[in-house]
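Here the structure comes first, spelled out in structure tokens, and everything after it is commentary.
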Amino acid sequence: MLLSAAKMVGRPLFFSLLVITVSFVPVFALEAQEGRLFRPLAFTKTFAMFFAALLSVTLVPVLMLWFIRGRIVPERRNPLNRLLLAFYDPVLRLVLRYRIPVLLLALALLASTLYPIARLGAEFMPPLGEGTLLYMPTAVPGVAIAEAARILQTQDRIIARMPEVATVFGKVGQADTATDPAPLSMTETVVTFRPESQWRKGMSWDKLVAELNRQLQFPGVANIFWMPIQTRTEMLTTGFRSNLGIKIFGSDLNVIRDLGEKIERTLSGFPDTRSVFAERVEGGRYLDIQVRREALARYGFTVEDVNQAIEGAIGGNTVTVTVEGRERYPVSVRYNRDFRQDPLALSRILLGEAPGAVSLSASPQGSPPGPIAGVQVPLGELADIHFTFGPPEVRSENAQLVGFVFVDSTAKDLVGYVRKAGAEIARNVAFPPGYYVEWAGSYESFLRAKQRLLLLIPLTLVIIFVLLHLNTRSVGRTFLVLLAVPFSLVGAFWLLYWLGYNLSVAVAVGLIALAGLDAETGVIMLLYLDHAYDERSREGRMRSRADLRAAIEEGALGRIRPKMMTICAILFGLLPILWSQETGADVMKRIAAPMVGGIVTSGVLELLIYPILYFLWRGRGLPRGDEPSEARPELGSTAKQARS
């Protein structure tokens, strides 16, 4: 009996677990930070499901023969099973009696999913909730060191007065490392908060950031608040230190600057915009040394001579190498700071005698005078030295100049914000020919992940369809199994809507996992219905629709206990995540929410709709009948025994 039971469920169980494994193929194809974040989860689940599928058809049957011995208690003796049957049996009879109205009600419930889908926002990734805050105000270029230090100290004092703040550490300018190119106009302040139990009553993270933003208003300074690790990741991958950004492409830096300032003014008062700052293409101070070639020719020098003199005076030249044991250090010599600190001092740099210079007296009479020889010439006689202003840095992308506009938005629906803000920019900013904008930051990452998922999810569904067809050997059965997927979307999207979550890569991962679970439960439900149908057909008791209804009731009632076990196991494993408040819990909640909502509606609708669809599929060609060929099996009468 155990071997026959193992043979009956072995093949469907193997393929259902294999479907769960294959369903995570889109997660493996994710790129960049979303791939690094979710690929370990996909590997873990894939390996677990693969070996579970392998062991289900190899080791588990052997263990069943070893450990399942003695007298096996019938299901009808289990109190929990009797209770489930007492509830499910009359409901199953009712839905099989009123098949068309129940189907129409299910279709209406499925259509109601359009309401939350139309109102769900979209974002790349939810905030990670790292527990600390990175405050990065940005000012226009050219701020003095003393003024930048004064603003930093003032900001730190304002932040430290907040009762929820534990420590404040601010930095202005770049650190003593080549990997930190931060200018004086950019401040980085890390704020560490006390435990939430010590916060003021009613204070939340969003309210805390909003209060900080109100108190930290300085003229000419744009506030940007984000998580430290997430900010560093975005800066490395997108170049933006805000959650959204705009790239302005063109051929003229001055035009790009004007367009950026217009966009900044347009979005400054736009709803859900905390700050917007257009990167300035001026503010860089440069020392220009323009060589006068006529003077070089007069004294017999070349441009290379001038460059070498400037390099030796300002940068320094290596003159020797000192040996300290096994260590060797180059020794460079350059002018003292007093002799190179301003243009006047630099103009006194002396160039030695030109190698090719000759004396004036050596020139033949009547010929032009030759180069002057035997003198040292100050640099000011050979070049014009002055300070000029220009762009502190020049960006280029796709062989075009580009300017950045940093946008710090408080909107939960970042994709909707981009759509509305883009329309506002199109109405108020006129772009010359050849100039255009692209949204970047999190939105750029969202589009990248969306395009990849839209390509791979249909391909994965095709692979799942092939696997299910190999198991069922029937197109009708395969479509019947896949109907569990839309049933589960009802609860998934409604729960996301009630929790206020947006569609994101994390939600997509949860929906992908849910699809695999739906296929598994659908396969097992179909297995029970087919088993009851085939058993009655072999015994010659499938002569009318009444016989078919009796077989469906037998198979569906036999499925109620494992179905409820599956639902409870998933819920008990995922519900604690929805109440978690730890670091990174926001991402895990987005994965768990669609699975929790989907498995509930999928379970309920499978138990009610699958029997109806199976009846309509198998009932074609069968005559009507009032009573089945024989009395219903003992399993179906268990509900009556329970009531008695």
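The values are calculated or read from the model by the stated rules, or taken from the named source; none is laboratory data. Please read all numbers here as calculations on a predicted model, not as lab measurements. Virtual Cβ from ideal backbone geometry, glycine too; neighbours counted across all protein chains shown. Just so you know, the surface numbers come from the protein's heavy atoms only, side chains and all, with ligands and any DNA or RNA stripped out. Shrake-Rupley method; radii C 1.70, N 1.55, O 1.52, S 1.80 Å.
Observations, loosely collected:
- Contour excess over end-to-end distance, with Cα ends at VAL466 and LYS420 and 0.36 nm allotted per residue: 12.4 nm
- Across the chain, the relative contact order, built from alpha-carbon pairs under 8 Å that are at least six residues apart, equals 21 percent.
- Using a probe of 1.4 Å on the protein chains alone, the accessible area found for MET595 is around 20 Å².
- Helix 205-215 and the longest principal axis of the C-alpha atoms of the chain enclose an angle of approximately 30°.
- Spatial offset of the range 100-167 relative to the range 244-317 amounts to 34 Å, using the alpha carbon center of each.
- Value in Å of the Kirkwood radius, where the range 492-603 supplies the Cα pairs that are averaged: 15.8 Å
- Average Cα contact separation per residue, the range 540-611, under 8 Å, 6 or more apart, as relative contact order %: 38 percent
- The trypsin sites (Lys or Arg not before Pro) of the range 271-346 that DSSP puts in a loop, and whose beta carbon has at most 14 other beta carbons within 10 Å, are ARG292, ARG326, ARG334.
- Longest DSSP-loop-exposure-free segment, GluC sites (Glu not before Pro), the chain, at most 12 other Cβ within 10 Å: 32-392
- Degrees, to the nearest 10: 505-538 long Cα axis against longest axis of the chain: 20 degrees
- DSSP-loop trypsin sites (Lys or Arg not before Pro) across the range 191-258, with at most 12 other Cβ within 10 angstrom: ARG200, LYS201
- Relative to its residue count, the range 91-156 spans a Cα convex hull of 182 Å³ per residue.
- Multiplying the residue separation of GLU535 and ILE229 by 0.36 nm and removing their Cα-Cα distance gives an extension gain of 104.1 nm.
- Label selected from (1) 29.0; (2) 31.4; (3) 26.4, the criterion being Kirkwood radius over Cα pairs in Å as computed here: (2)
- Cross-link table LYS45/LYS412; LYS171/LYS262; LYS420/LYS589; LYS45/LYS589, entries beyond 22 Å C-alpha to C-alpha: LYS45/LYS412; LYS171/LYS262; LYS420/LYS589
- Cα-based helix-to-principal-axis angle, 545-578 vs the chain, degrees rounded to 10: 30 degrees
- In whole angstrom, the range 442-549 maps to an equivalent ellipsoid with semi-axes of 37, 16, 8, each derived as √(5λ) from the alpha carbon gyration tensor and ordered largest first.
- Residues ARG36 and ASN307, FRET efficiency given R0 of 45 Å [Cβ-Cβ distance, rounded to 0.05]: 0.45
- Each of GLN581, GLY619, PHE446 was placed along the dipole of the chain (beta-carbon charges, centred on the mean Cα), and the one lying farthest toward the positive end is GLY619.
- Counting only Cβ charges, +1 for Lys and Arg and -1 for Asp and Glu, the dipole size of the chain around its Cα centre is about 3620 debye.
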